[in-house]
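Just below is one structure, and these are the notes that go with it.
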Amino acid sequence: MNSAVTAKQYENICVLTVSNPPVNAVDAVIRAGLIAAVREAEADPATEAVVIMGAGRNFIAGADLAEFDGEIPAPAYAPTLGAIEGCGKPVICVIHGITLGAGVEIALAAHYRVAVEGAALGFPEITLGIVPGAGGTQRLPRVVGPEQALALLLGGAPVKPARALEIGLVDKVAAGDPLDAGLGYARELIAAGAGPLPTRDRSCTPGSLGDELVAAALKANARALRGRTAQFGMIEALRAGVDLPFDEGLAAEKGLSDTSLRSQESRALRHMFFAERNSAKVPGIDSSVQPLKVQKVAVVGAGTMGRGIAMAFGDAGCEVRLVDIDPAGLERGEAAIRANYEGSAARGRITHEQAAEAIGRITYALNLDGAADVDLVVEAVFEDMALKKDVLAWISRAVRPEAIIASNTSSLSVTELAAVTAHPDKVIGLHFFSPAHIMKLLEIVRGGATSQQTLLTGLEIARRIRKIPVVSGDGFGFIGNRMMLDGAFREGEQMMLEGAGVDQIDNALEAFGFAMGQSRVNDLAGVDIGALVRKQLALRESRPDPYCIVSDTLVPMGRIGQKAGKGFYNYTANPRSGELDGEVDAVIERLAAERGITRRVFTDAEIVERFVLQLINVGADILKEGIAYRAADIDVVWVHGFGFPRHLGGPMFHADTLGLAHVAERVTALYAQHGHYWKPSELLLELAKSGSSFAEYDRAAARGE
Ligand SMILES: NC(=O)c1ccc[n+]([C@@H]2O[C@H](COP(=O)([O-])OP(=O)(O)OC[C@H]3O[C@@H](n4cnc5c(N)ncnc54)[C@H](O)[C@@H]3O)[C@@H](O)[C@H]2O)c1
């Protein structure tokens, strides 16, 4: 036994507690500890039953993913779970808190399972592109049947104890303390004379995982599994679980699990998993700096963004005052927020009580009078430098000196905005994405004067409102919008001029895996928004022509997107998906002719290549300039803010997959052909030349090199 698994005797019951803070992830030490502890308990004549539980808030949140990069160190999972399952005395597992993946697999190897109210249990492996490798696909169908097993494994979402009881995943649900739950159930079982009940001895009806069941499960998860392959390995492993004797099935699962771990898809998904966890780590912050507490929040500007931001804070239990100078705008904001919560309640996503509470947390005002005690003000007025400066100066006068002032600007300089306030060190950019109460990404912009404490408070705010933060330097468009405007979307419009169809580009990008093609995104967000930014910042004057010239020609024609019924597409006949419009083709043809561009036919592969290479090249510049700390942060921004396919790991991870030598060669070739916008990034060339990668660049930076 070791300190990761401790044993304590409660009369005739031995309780094993697994401890590996913060979430009790399973590693080799835990596995060795479990084997030793179970054997010892089995050999002890004083013990009649064994209880396994977790130290702290949960049982086991999963396997230690860091072990998956190489050969999993001994002892492996199979002998560990075999020792539990083969124990000659009843083994009861207490499922409490977050219990996922390997945690549930261990629970399934125990003979009895009790879940404590408030627990969440499930198999998130599909979201990591992994086929479970600790017998999950073999024991689960024996316990809950093939149909439920398929739903749990392909869906990946955790279930609550009541549902787990309903499908037979647990035998009992208890309230209160995990130890009491385990001891109580163990005593019951001892009193009833219940013996060991190995899951492997339970049977499944061979052939019961029929094609119809599989087709239905694939259909139910089609959206999440678009472009993915791990589900097929999962189904094969599950079939082996249903059709084959236990040991044969287990061997089949091991092969499929190992293959899945080596797949590019799983590498990409695991990269994203770590990227999301690391993005909140900011290098170079003094350990003595502590974030400020944020409870009272004011949001200025009750438009699209202000409403979403108010709801994001309200949902997190903050007191929010939503302010707008325009009474009608404020009223519209209030009505929209009400409708949103009431709609969620009507759809059963939250209770009516929760909706009323959330609505009650947000108050409305035309000014900041009496807001001297707020901890944070988020400004979300129109994207106009002069207006924002006025508003920030006004906010700065209304709040106490300690308050944090944040701007939701998507393109303006936070440093310049901060300069009009009394305490520029308290100013930060909090760049939300629309809809702000739903989108997970939050770009946190460090202005030139932003203090470490303000930055840390920004990260704390992200944690509080459950966003994934990425810290960005204060450069044009920060990380995401710069790569979009200067890189990919500009290139998309260039390809339109050269002959690629508006819908061909969208369809090619969507087939690659983007959530939505660029013209559909533009139409949804408003073509005028980007046009305004370009105008404000005089981008057209500072960038070689053609620069987003199609968008900027459509806007004065009133083609500003879905809200006007027409943009890149026409929405008259089909308000949701829109249809192609000859007027747009004519505009593009004219713009191309004016520039002497000869139009030609594009392949979809060419479109995707140019779009993605632009993301990579601009991304590399952003990294080199220190606007982003890590390549992985850029991946988080593009996966969470712009619908880049998660299973490809984000643009920078994808660049590593393509190989930087290849990427550099292609960018250089396109530079020779098209000039300026294709000037290869210095960092890209450097890394390619030395045979390195963006991942290696991140590792070196983490080592402080
Ligand atoms: N829409 C998006 O997708 C998006 C995404 C990220 C960031 N942003 C940024 O968020 C900000 C707001 O954008 P939006 O789309 O919500 O705009 P919007 O036009 O929907 O709303 C702006 C609101 O600000 C109010 N306002 C104007 N002047 C004011 C003042 N002096 N005091 C108080 N309120 C005032 C207006 O009455 C209006 O209700 C902009 O900086 C924008 O760049 C927008």
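Given points 7 Å out from each Cα along the Cα-Cβ axis, report the Ala365 to Ser434 separation in nanometres with one decimal.
Spacing of the two 7 Å Cα→Cβ label points: 2.7 nm.
Can you give me the pair-distance distribution of the stretch 578-638, C-alpha pairs, 5 Å bins, whole percents?
The distribution over the stretch 578-638 is 3, 14, 14, 13, 17, 11, 12, 13, 3, given as percents.
Cross-link partners among aspartates and glutamates for Lys388, C-alpha distance below 20 Å, same-chain residues fewer than 8 apart left out?
Asp324, Asp326, Asp369, Asp375, Glu379, Glu416, Asp425, Glu443, Asp474, Asp528
Suppose every Lys and Arg Cβ carries +1 and every Asp and Glu Cβ carries -1, with no other charges. What dipole size does the chain come out with about its Cα centre, to the nearest 20 debye? All intermediate terms of the calculation are to be shown ahead of the outcome.
Numbers: 69 positive and 86 negative charges, 112 e Å.
Rounded to the nearest 20 debye, it is 540 debye.
Residue by residue through the stretch 286-294, which ³J(HN,Hα) values in whole Hz follow from phi under the Karplus form 6.51 cos²θ - 1.76 cosθ + 1.60 (θ = phi - 60°), with glycine and proline marked x?
Each residue's phi maps through the Karplus curve to give 4, 5, 7, 6, 10, x, 7, 7, 10 Hz.
Report in % the part of the accessible area of the chain that belongs to carbon and sulfur, leaving out ligands and nucleic acids; probe 1.4 Å. Before the final figure, lay out the partial values.
Working: 15740 of 28550 Å².
Here it works out to 55 percent.
Taking R0 as 56 Å, what FRET efficiency do you get between Asp384 and His662 from their Cβ-Cβ distance, rounded to the nearest 0.05? Intermediate results must be reported in sequence, preceding the final value.
Values: r = 43 Å, r/R0 = 0.77.
Efficiency for this residue pair is about 0.85.
Which whole-Hz couplings ³J(HN,Hα) result when phi for each residue of the stretch 461-466 is put into the Karplus expression 6.51 cos²θ - 1.76 cosθ + 1.60, θ = phi - 60°, listed in order with x for Gly and Pro?
My calculation for the stretch 461-466 gives 4, 4, 4, 4, 9, 6 Hz in order.
Taking only Cα atoms, what is the 0 to 90° angle, nearest 10, from helix 352-361's long axis to the longest principal axis of the chain?
Tilt relative to the chain: about 50 degrees.
With an 8 Å Cα cut-off and a minimum separation of 6 or more residues, compute the relative contact order for the chain in percent.
On the way: 1345 pairs, mean separation 60.6, N = 705.
Computed value for the chain: 9 percent relative contact order.
Under a 1.4 angstrom probe, counting protein chains only, how are Glu443, Glu331 ranked by accessible area, largest first?
Values: Glu443 0, Glu331 130 Å².
Most to least solvent-accessible, the answer reads Glu331, Glu443.
Give me D for the stretch 244-331 in µm² s⁻¹, whole number, from Stokes-Einstein with Rh from the Kirkwood sum over alpha-carbon pairs, 20 °C and 1.002 mPa s.
Here the translational diffusion coefficient equals 117 µm²/s.
Bin all alpha-carbon pair distances of the chain at 10 Å intervals from 0 and give each bin's fraction as a whole percent.
Here the calculated profile for the chain is 3, 13, 21, 22, 20, 13, 6, 2, 0, 0.
If R0 is 51 Å, what FRET efficiency do you get for Arg57 and Glu579 from their C-beta distance, rounded to 0.05?
Numbers: r = 53 Å, r/R0 = 1.04.
The value I calculate is 0.45.
Are there GluC sites (Glu not before Pro) in the stretch 590-629 that DSSP marks as loop and that have at most 14 other Cβ atoms within 10 Å, and which are they? Walk me through the numbers on the way to the answer.
Numbers: sites: Glu594, Glu606, Glu609, Glu625; in loops: Glu625.
Those satisfying the criteria are Glu625.
Taking H placed 1.01 Å from N in the peptide plane, check which residues at least 5 places from Val131 or on another chain put their amide H under 5 Å from its amide H.
Here Ser260, Leu261 satisfy the definition.
Consider all pairwise Cα distances in the stretch 1-139 and report the whole-number % of them above 24 Å. Don't skip to the answer; put the middle values down first.
Details: 2038 of 9591 pairs.
The calculated P(r) of the stretch 1-139 puts 21 percent of pairs beyond 24 Å.
Which lysines, on any chain, are close to Lys160 with Cα under 27 Å apart, when same-chain ones fewer than 8 places away are left out?
Hits, sequence-local ones excluded: Lys172, Lys219, Lys440, Lys467.
Order 280-289, 30-39 from most to least packed using the mean count of other Cβ atoms within 10 Å. Write down the numbers at each step before the final one.
Numbers: 280-289: 10.8, 30-39: 21.8.
Result, highest mean first: 30-39, 280-289.
Against the globular-protein guess of 2.2 N^0.38 Å, express the Cα radius of gyration of the stretch 451-527 as a ratio, rounded to two decimals.
Numbers: Rg = 16.7 Å, N = 77, 2.2 N^0.38 = 11.5 Å.
Expressed relative to 2.2 N^0.38 Å, the Cα Rg reads 1.45.
In the calculated pair distance distribution of the stretch 449-604, what percentage of Cα-Cα distances lie above 24 Å?
Values: 4933 of 12090 pairs.
Value for the stretch 449-604 (Cα pairs over 24 Å): 41 percent.
On average, how much accessible surface per residue is there in the chain, in Å², for a 1.4 Å probe, leaving out ligands, DNA and RNA? If you can, show how the numbers build up before the last one.
On the way: 28550 Å² over 705 residues.
So the chain comes to 40 Å² accessible per residue, rounded to a whole number.
Exactly which trypsin sites (Lys or Arg not before Pro) in the stretch 409-457 are in a DSSP loop and have at most 10 other Cβ atoms within 10 Å? Walk me through the intermediate numbers first.
On the way: sites: Lys426, Lys440, Arg446; in loops: Lys440, Arg446.
Listed in order of number, the matching sites amount to none.
Given Cα pairs under 8 Å that are at least 6 residues apart, what percent is the relative contact order of the stretch 232-311? Walk me through the numbers on the way to the answer.
Details: 23 pairs, mean separation 12.8, N = 80.
Normalised by residue count, the contact order of the stretch 232-311 is 16 percent.
Can you give the alpha-carbon Rg of the stretch 273-382 over 2.2 N^0.38 Å, where N counts its residues? Mind showing how you got there, number by number?
Details: Rg = 16.2 Å, N = 110, 2.2 N^0.38 = 13.1 Å.
After normalising by residue count via 2.2 N^0.38 Å, the value is 1.24.
Just want to confirm a number: the relative contact order over the stretch 368-481, from Cα pairs under 8 angstrom separated by 6+ residues, in percent. Don't skip to the answer; put the middle values down first.
Working: 214 pairs, mean separation 25.4, N = 114.
22 percent.
Can you pull the Rg over Rh of the stretch 370-454, Cα-only, Kirkwood?
0.94
Rounding to the nearest 10 and keeping the result within 0 to 90°, find how far the Cα-based axis of helix 246-262 lies from the longest principal axis of the chain.
Helix 246-262 and the main axis of the chain meet at about 20 degrees.
Using DSSP to call loops (not H, G, I, E or B), can you name the trypsin sites (Lys or Arg not before Pro) in the stretch 565-672 whose Cβ has at most 13 other Cβ atoms within 10 angstrom?
On the way: sites: Lys566, Arg576, Arg590, Arg595, Arg599, Arg600, Arg610, Lys624, Arg630, Arg646, Arg666; in loops: Arg576, Arg595, Arg599, Arg600, Arg630.
Answer in residue order: Arg576, Arg595, Arg600.
Quick one: which of 14-21, 354-361, 310-317 comes out on top by average Cβ neighbours within 10 Å, and what's the full order, highest first? Walk me through the intermediate numbers first.
Values: 14-21: 20.2, 354-361: 16.0, 310-317: 22.8.
Output ranking for 14-21, 354-361, 310-317: 310-317, 14-21, 354-361.
What are the residues whose amide H is under 5 Å from the amide H of Val471, where those residues sit 5 or more places off or on another chain and H is modelled from the backbone?
Residues meeting the criterion, in which the H sits 1.01 Å from N, are Ile444.
The values are calculated or read from the model by the stated rules, or taken from the named source; none is laboratory data. Bear in mind that the values here come from a model prediction, so they are computed numbers and not experimental data. FYI the Cβ positions are ideal-geometry reconstructions off the backbone, even for glycines, and counts take in every protein chain you see. Note: accessible area is taken over every heavy atom of the protein model, side chains too, but ligands, DNA and RNA are not part of it. Shrake-Rupley method; radii C 1.70, N 1.55, O 1.52, S 1.80 Å.
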